Amino acid sequence: RSLLHREWHVFTSPMSVAILLWGGFNILEVVNPWAASRIAWFYVIRPAVGYMMLYFITYSMIQKRQDIKHVLYFILLMCLVTAGWGIYQVHAGYFEWEMNYVIRHDTLHLVFNNGRLRAIGSIGSPAQYGIIMGFISIFSLFLIQGVKQFRTKAFLFIVGIACLVAMVYSGTRSSYVIIPIFYFSWVILARKKSLYYSLIGAIIFLVVLAKFPTNNYHIQRIQSVFNASEDASYQTRAENKKIIFPWILKHPIGGGLGSTGVWGQKFSPGTFLANFPPDSGLIRVAVELGWIGLIFFLNVYYNVLIKGTFRFWKMKDPFYRTIVAGMICGIAPMLVVEWGQEVVGVFPMSLLFWIFIAIMFRAIELDKKE
């Protein structure tokens, strides 16, 4: 189609404006006077802005109900494959080339815990694997209520259970908060008294789970979430946050893209930020792009969670409503997890996040049209 007839309004919606502001601020970081390296910016900006463009590509590509189904079910099928892969790893062990990958990238201490191998599937990181599996498991099970065909319901059920098992096998404690926060978010969205009452039962279940005596490693791993303040890694991260907060307040636009973590150690070794471990997604944004950049980043979540909620309450179609509710309830815990882990900024969630919100807002648009 000619330029005059292209769907340019995709760049003017509230969600699009929020993404463009976030992407634009990332681009402006090239002139950050506090940045220790300009080269790091060139390495980081390409995936950072490129992944955001997936929102506009996916939004423009989806034109009808069937398009949403094709994209969504393909992603769920791929997640089912990687869930089965992770389950196999726990029971049969890693392939030789997988173990070579782990050793070569010095991540053995991450995947081998208490004498057990953690599931990493096809992703390679137990943290990212567990978070994605947690999101997909509860989203798939939730989506069952919005479809009619039995075979589709069966497929969603299999995906949900397989990903739930894979999430537990990953041993990622951050992923365990996804399900309760998802449910709490759904109670708010649904606005039903019966669900309000069910929260009491959910709280009782969590209390029992936290105190239930057991020798099962996986249950003990879940229970450790309730005692996170006693964990050594949690205490280290809390101390790091306490140290970096004063620095963030004095640097409104941060220390520049790629100033922390691997890129910082490669392009600006020996600097204060290069030696700072960005364990949290929100902290990493605040350190590299400052508290102004953090506001732009949180504005993306605001448009998804708050504006998305108000639009959801006006929707009519059961299929579209279920998709939008599932996305909102699934992304809400992501914001919480961002405090303890990097989510949106790490592959492959850096891809899936923008695709998911494109599906969500296109579903809202199609519901309005149809």
The residue that is surrounded by the fewest Cβ atoms within 10 Å (Cβ to Cβ), considering only those in the range 122-145 that are at pLDDT 85 or above and small (Gly, Ala, Ser), is SER140
Taking the criterion of being out of contact with any Asp or Glu (no Cβ under 9 Å at 6 or more places or on another chain), closer than 29 Å to SER60 by Cα and open to solvent by less than 10 Å² (accessible area, probe 1.4 Å), would at least one residue in the range 285-303 satisfy it?
yes
Pairs only if they're at least six apart or on different chains, beta carbon under 6 angstrom, first in the range 349-367 and open to solvent by 10 Å² or more (accessible area, probe 1.4 Å), second not basic (Lys, Arg) and not in a helix (DSSP H, G or I); list them, first residue then second.
ASP367/MET315; ASP367/ASP317
Within the range 281-334, of all residues that are part of a helix (DSSP H, G or I) and of a type in the set (Lys, Arg), the one modelled with the highest pLDDT is ARG321
Residue ID - least open to solvent (accessible area, probe 1.4 Å), chosen from residues in the range 259-280 that are of a type in the set (A, V, I, L, M, F, W, C), free of Cβ contacts under 8 Å to residues at least 40 places away in the same chain and outside any helix (DSSP H, G or I)
PHE276
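Quick check on my filter: what residues within the range 21-42 are in a helix (DSSP H, G or I) and buried (at least 16 other Cβ atoms within 10 Å of the Cβ)?
Within the range 21-42, the first condition is being in a helix (DSSP H, G or I), and the residues that meet it are 21-31, 38-42.
Matches in the range 21-42: TRP22, GLY23, PHE25, ASN26, GLU29, ALA40, TRP41.
Quick one: is VAL187 modelled with pLDDT of 70 or more, of a type outside the set (D, E, K, R) and over 20 Å from ILE328 (Cβ atoms)?
no
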Return the residue satisfying two criteria in turn: it lies in the range 332-348 and is of a type in the set (A, V, I, L, M, F, W, C) and under 19 Å from TYR302 (Cβ atoms), and of such residues it is most open to solvent (accessible area, probe 1.4 Å).
TRP339
Could you please let me know if VAL168 is open to solvent by less than 60 Å² (accessible area, probe 1.4 Å), touching a strand residue (DSSP E or B) at 6+ places or on another chain (Cβ under 7 Å) and on the phi < 0 side of the Ramachandran plot?
no
Sort out which residues of the range 235-246 are at pLDDT 80 or above and surrounded by 16 or more Cβ atoms within 10 Å (Cβ to Cβ), and write them in order of number.
ILE244
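The values are calculated or read from the model by the stated rules, or taken from the named source; none is laboratory data. Owing to the predicted nature of the structure, the values given are computational and were not obtained by experimental measurement. Cβ: placed from backbone, ideal geometry, glycine included. Neighbour counts: every protein chain shown. Note: accessible area is taken over every heavy atom of the protein model, side chains too, but ligands, DNA and RNA are not part of it. Shrake-Rupley method; radii C 1.70, N 1.55, O 1.52, S 1.80 Å.
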